[in-house]
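Notes follow once the structure below has been shown.
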Ligand code: DGL
């Protein structure tokens, strides 16, 4: 029965495991299949057409696995492709966008930083969301050039990473932001470093928990929740090097298998 089918999740690479982690915590009895499209990462530099074609490729692969719902665990793919995915396929899609709304509501300094990819920041959907929620505040948008590549190479704690982050964060601090919105699912893995760079007055927000809540809510309203009461099984596939994916999952506590797959 459809309720027993897995939740499909894809990202341009290994960063979407930050969302997968929230989903497995919020929905412990669900099976998941995760695709890390690392072979084609980063998406952030690609054209809208390329991002759409890659998103369709990943969706078709997840449909081959009979997934009952698809979580696009990538801001760049969501902001450039989710509209077409939703109108093409007859299953629910959950997307992720930079969490500007809560930052705009709570900022005291009226200055909010957004760190995201070029593909996300230049998308129509981001412009719309920003116009809707950030009318009375200043949004300081910074493209995180090079960050996804370093994470994909397993170089989170490298001197290159520290130098890049410092160059992106310093101008935001100078403009007195009190919220930093992480608009890329790779970036939650940078939070420990960012916390060292930012004063405790600056709050860091990402959309991971909200996406897991939304996934649960859509499964519930569509009567798609798995009725099992045993832990779900989790399969993570990569079409790139398997070791960075294994490495980034080290801190995750659920049982899972990681496999190489050409897609
Ligand atoms: N994790 C993707 C995102 O949320 C990274 C995009 C990329 O590959 O550039 O945007």
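Before we move on, is residue 107 touching a strand residue (DSSP E or B) at 6+ places or on another chain (Cβ under 6 Å), in contact (Cβ under 8 Å) with a residue 60 or more places away in the chain, surrounded by fewer than 24 Cβ atoms within 10 Å (Cβ to Cβ) and closer than 24 Å to residue 241 by Cα? Show your work before the answer.
Values: touching a strand residue (DSSP E or B) at 6+ places or on another chain (Cβ under 6 Å): yes; in contact (Cβ under 8 Å) with a residue 60 or more places away in the chain: yes; surrounded by fewer than 24 Cβ atoms within 10 Å (Cβ to Cβ): yes; closer than 24 Å to residue 241 by Cα: no.
Against the criterion (touching a strand residue (DSSP E or B) at 6+ places or on another chain (Cβ under 6 Å), in contact (Cβ under 8 Å) with a residue 60 or more places away in the chain, surrounded by fewer than 24 Cβ atoms within 10 Å (Cβ to Cβ) and closer than 24 Å to residue 241 by Cα), residue 107 does not qualify.
What single numbered condition from (1) away from the ligand (no atom under 14 Å from the Cβ); (2) assigned to a helix (DSSP H, G or I); (3) closer than 25 Å to residue 117 by Cα; (4) under 18 Å from the mean Cα position of the chain (by Cα) fails to hold for residue 8?
For residue 8, the exception is condition (2).
Would you check which residues across the range 133-179 are in contact with a strand residue (DSSP E or B) (Cβ under 9 Å, 6 or more places away or on another chain), in a loop (DSSP other than H, G, I, E, B) and farther than 21 Å from residue 44 by Cα and list them?
If the condition is that a residue be in contact with a strand residue (DSSP E or B) (Cβ under 9 Å, 6 or more places away or on another chain), in a loop (DSSP other than H, G, I, E, B) and farther than 21 Å from residue 44 by Cα, then 134, 137, 175, 176, 177, 178 are the ones that fit.
Can you name every residue in the range 141-177 that is buried (at least 17 other Cβ atoms within 10 Å of the Cβ) and more than 18 Å from the chain's Cα centre (by Cα)?
If the condition is that a residue be buried (at least 17 other Cβ atoms within 10 Å of the Cβ) and more than 18 Å from the chain's Cα centre (by Cα), then 161, 164, 165, 168, 169, 172, 177 are the ones that fit.
Pull out all pairs, ordered by first then second residue, where Cβ-Cβ is under 7 Å, the residues are six or more apart or on different chains, the first lies in the range 69-83 and is touching a residue at least 60 places away in the same chain (Cβ under 8 Å) and closer than 14 Å to residue 122 by Cβ, and the second is near the ligand (Cβ under 7 Å from one of its atoms) and assigned to a helix (DSSP H, G or I).
Final answer for the pair search is 75/120; 76/119; 76/120.
Select from the range 37-49 the residues that are over 17 Å from residue 88 (Cα atoms) and more than 11 Å from the ligand (Cβ to nearest atom) and write down the one among them that is surrounded by the most Cβ atoms within 10 Å (Cβ to Cβ).
First pass over the range 37-49, keeping only residues over 17 Å from residue 88 (Cα atoms): 37-47.
Okay, now just the ones that are also more than 11 Å from the ligand (Cβ to nearest atom), so 39, 47.
Details: 39: 14, 47: 10.
The qualifying residue surrounded by the most Cβ atoms within 10 Å (Cβ to Cβ) is 39.
Quick check on my filter: what residues within the range 39-55 are assigned to a helix (DSSP H, G or I) and under 15 Å from residue 13 (Cα atoms)? Let's see the steps before the verdict.
First, pick out the residues of the range 39-55 that are assigned to a helix (DSSP H, G or I): 39-40, 48-55.
Within the range 39-55, 39, 40, 51, 54, 55 qualify.
Every number here is computed from the coordinates shown, using simple stated rules; none is lab data. Since the model is a prediction, treat every value here as computed from it, not as a measurement. Because the Cβ atoms are built from the backbone with ideal geometry, glycine has one as well, and the counts that use them run over all protein chains shown.
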